[in-house]
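Only one structure is covered here, and it is reproduced in the block below.
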Amino acid sequence: MTRDKSKPQILKQELVAQSRLFKVEALHLRFTNGTERIYERMQGGHRGAVMLVPLLDDDTLLLVREYAAGTHSYELGFPKGVIDAGENAAQAGNRELMEETGYGARELIPLKQVSLAPGFFASRMDLLLARDLYPEWREGDEPEPLELVSWPLAEAEVLLDDPEFNESRSVAALMLALRWLRQQDLP
């Protein structure tokens with residue numbers, strides 16, 4: 001497996017479209033073999049985002065059901081949000097957890113940093129396992145209260161069959177959390 005491949009040279013970057021939430025830029029590239037192409041991508045926030053897999057106790061996952069405009073449906077997933085200026089992933093994660101669930105976490109365990117469609121998006125998300133929860137609520141920016149859903153940890157893989165649990169980052173976060181928890185049981 002070769003990982004030392006040289007990146008293409010960026011010949012020009014230009015903003016080609018913008019909305020209130022998104023900026024689309026064109027990248028004029030030259031690859032090492034001389035081929036030139038124009039790629040379009042969504043500019044990502046440079047601070048990133050965070051998603052948490054909260055364990056309410058040793059036997060219970062905590063999820064939220066919230067409206068997703070992209071699919072015009074209510075989706076079941078894990079608490080998430082952007083990392084604000086001056087925050088690291090753990091601080092943002094704990095803040096989002098408080099805003100979306102009414103709990104804080106005494107322990108936040110990094111699972112992995114992931115990307116979503118990296119051919120088009122320049123953003124990354126830190127996935128964290130949240131443990132040793134305590135009640136603490138902070139006001140967030142959600143337009144309506146989120147529904148909290150407790151799910152038995154012993155039936156975590158059943159979530160994969162739930163039609164409301166289909167957001168890829170939540171699926172990845174669940175699988176990574178389950179792997180981490182299994183590894184803790186090893187001698």
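The values are calculated or read from the model by the stated rules, or taken from the named source; none is laboratory data. Bear in mind that the values here come from a model prediction, so they are computed numbers and not experimental data. For neighbour counting, all protein chains shown are included, and Cβ atoms are generated from backbone atoms with ideal geometry for every residue, glycine included.
Here are some notes:
- Of all residues in region 77-87, those that are buried (at least 22 other Cβ atoms within 10 Å of the Cβ) and either modelled with pLDDT under 95 or among the β-branched types (Val, Ile, Thr) (or both) total 1.
- Identity of the residue in region 157-180, surrounded by fewer than 17 Cβ atoms within 10 Å (Cβ to Cβ) and touching a residue at least 60 places away in the same chain (Cβ under 8 Å), that ends up farthest from the chain's Cα centre (by Cα): Asp162
- Residue in region 6-20 that is closer than 30 Å to Leu178 by Cβ, modelled with pLDDT of 90 or more and exposed (fewer than 11 other Cβ atoms within 10 Å of the Cβ) present: no
- Selection status of Leu62, touching a Pro at 6+ places or on another chain (Cβ under 9 Å), touching a residue at least 40 places away in the same chain (Cβ under 8 Å) and of a type in the set (A, V, I, L, M): yes
- Test: residue in region 1-11 that is among the charged types (D, E, K, R) and either in contact with an Asp or Glu (Cβ under 7 Å, 6 or more places away or on another chain) or in a strand (DSSP E or B) (or both): no
- Condition broken by Tyr134, with the remaining ones in (1) surrounded by 13 or more Cβ atoms within 10 Å (Cβ to Cβ); (2) modelled with pLDDT of 95 or more; (3) out of contact with any helix residue (DSSP H, G or I) (no Cβ under 8 Å at 6 or more places or on another chain) satisfied: (1)
- Which numbered condition Arg95 fails, given (1) within 19 Å of Asp58 (Cα to Cα); (2) modelled with pLDDT of 95 or more: (1)
- Filter result for the condition that a residue is surrounded by 12 or more Cβ atoms within 10 Å (Cβ to Cβ), assigned to a strand (DSSP E or B) and modelled with pLDDT of 95 or more, over Ala105, Ala26, Ala90: Ala105
- One residue stands out in region 137-156 among those that are aliphatic (A, V, I, L, M) and not in a strand (DSSP E or B): the one that is surrounded by the fewest Cβ atoms within 10 Å (Cβ to Cβ), namely Ala154.
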